[in-house]
Each structure stands twice: as structure tokens, then as C-alpha cells.
Amino acid sequence: MNIDILYSAVDLVRASGHRSTAREAAFMRTYPILLATARLPATSPTEALLRNASLVYAWMPESIRLDMSELDQATEAFVAASQEVPTIAPRIIDPIAACLGSLAGATRVLHLTNPAVFPAWGQRVERFRLQTDPSSYHMNQSGNYLSFVAEVQEIAAHPLFLTFHHEYCTAYQARLQRLKIPAYPLTEPRVIESAATELAEQ
């Protein structure tokens with residue numbers, strides 16, 4: 001995955017019609033609400049973690065499950081992830097994944113918690129990166145998510161990224177306008193993850 005490949009996603013977004021699937025349109029409409037809700041004050045870090053997990057699982061294919069024995073460690077990891085410049089490491093990712101029973105779910109919680117740092121991650125992104133369907137085992141290894149994060153950081157540091165970011169966001173805002181959805185900004189990790197997802201569908 002590199003910026004040259006991702007650039008082709010701009011044309012895909014530009015060419016998207018006036019319609020989208022109901023699920024996609026609903027996600028685009030509610031995404032900024034999810035982010036805003038995730039930032040609301042909470043009475044405790046545990047409450048904030050559980051709120052963000054509940055928001056995420058409104059969009060996950062399966063229902064939320066919690067391993068309560070892992071909740072304290074997951075809360076500690078959640079607090080660490082909430083810092084302005086968190087350390088991106090298994091010790092932050094694995095406890096949340098263990099509590100939820102899902103690494104993909106954990107990455108979405110991390111994204112809502114700190115969208116400027118953590119990209120969301122799932123099978124479509126990995127299918128694009130690997131050019132084949134990832135196994136369940138692959139999707140449960142935090143090292144594979146960390147590999148994706150490293151690629152995201154490398155792409156964001158590329159000299160052409162600001163131009164790509166601007167062109168992708170402009171195309172995305174036009175798509176929102178066609179769907180009569182109010183415009184909203186996209187973070188760098190979100191732009192890269194979104195572009196990869198677009199390309200995975202081709």
C-alpha cells in the first residue's frame with residue numbers, strides 16, 4: 001500500500017453516483033455523530049470505554065460481547081490511547097481486543113477515541129493490502145494491525161500526502177453533498193483507511 005496506489009481512490013469517490021447503499025449512507029451520515037459522542041465527558045474511564053464500544057458495535061456485524069475479567073486492563077489501555085501522543089503498541093491494543101473478543105472492534109474503539117492517531121481496521125482493508133482474503137487468525141494478530149498503522153504513518157509523511165488529502169477530502173465532501181449529508185472533516189488516518197476501503201471494493 002502506497003500513496004500512488006491510494007491516489008486512484010480519489011477518482012472512485014469522484015465517480016460515485018448520487019446513490020449509495022443504505023448502510024453506507026447511514027454510516028457517512030452518523031460518523032461525525034459517533035466521533036462527537038465519543039468525545040463527550042464521562043463519569044469514569046470505564047464508562048467512556050463502554051460507551052465507545054457500544055457506539056462501535058452499532059456498526060459491527062456481530063453484537064457486543066464483553067469479557068468482564070479483562071475490563072480493568074482494557075480501561076487502562078483505553079486511558080493510554082486517549083493521550084494526545086499515545087504509544088502505539090500491543091499493550092494498548094491487546095487488552096481492549098481481549099475485552100471485546102475482537103481486534104477489529106478494538107481498532108474501531110481506538111479510532112473513535114483518538115481519530116487523529118489510530119486508523120480503523122478490518123477485513124476489507126486487509127484484503128486490499130494482502131490482495132487476498134485474510135484468515136481469521138490473521139485478523140486476530142495485533143502485529144498485523146500495527147503493520148497497517150506503520151504504513152498509514154509512512155503514507156501520511158509522504159511529500160505528496162497533503163495534496164492527496166486535499167483531493168480525497170474534496171471528492172468525499174462532494175459525495176456527501178450529492179447524498180445531502182452535511183460536510184465534515186476527515187483525519188489523516190481516516191482518509192487513508194477510507195481510500196483503502198474504496199479500493200478493496202473494486
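Please treat every number below as a calculation from the coordinates, not as lab data. Small disclaimer: the values here were computed from a predicted structure and weren't measured. Reconstructed Cβ throughout: ideal geometry from the backbone, glycine too, with neighbour counts over all protein chains shown.
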Of TYR184, TYR145, TYR168, TYR172, the only residue that is within 21 Å of TYR31 (Cα to Cα) and in contact with a Leu (Cβ under 7 Å, 6 or more places away or on another chain) is TYR172
Pairs returned, first residue in region 124-144 that is within 17 Å of PRO61 (Cα to Cα), second residue that is among the small types (Gly, Ala, Ser) and not in a helix (DSSP H, G or I), beta-carbon separation under 9 angstrom, 6 or more apart or interchain, are MET139/SER102; MET139/GLY122; ASN140/SER102
Subject >> Residue within region 66-87 that is surrounded by fewer than 18 Cβ atoms within 10 Å (Cβ to Cβ), in a loop (DSSP other than H, G, I, E, B) and touching a Gly at 6+ places or on another chain (Cβ under 6 Å) present >> reply: no
The residue from THR46, THR37, THR30 that alone is assigned to a helix (DSSP H, G or I) and farther than 22 Å from THR187 by Cβ is THR46
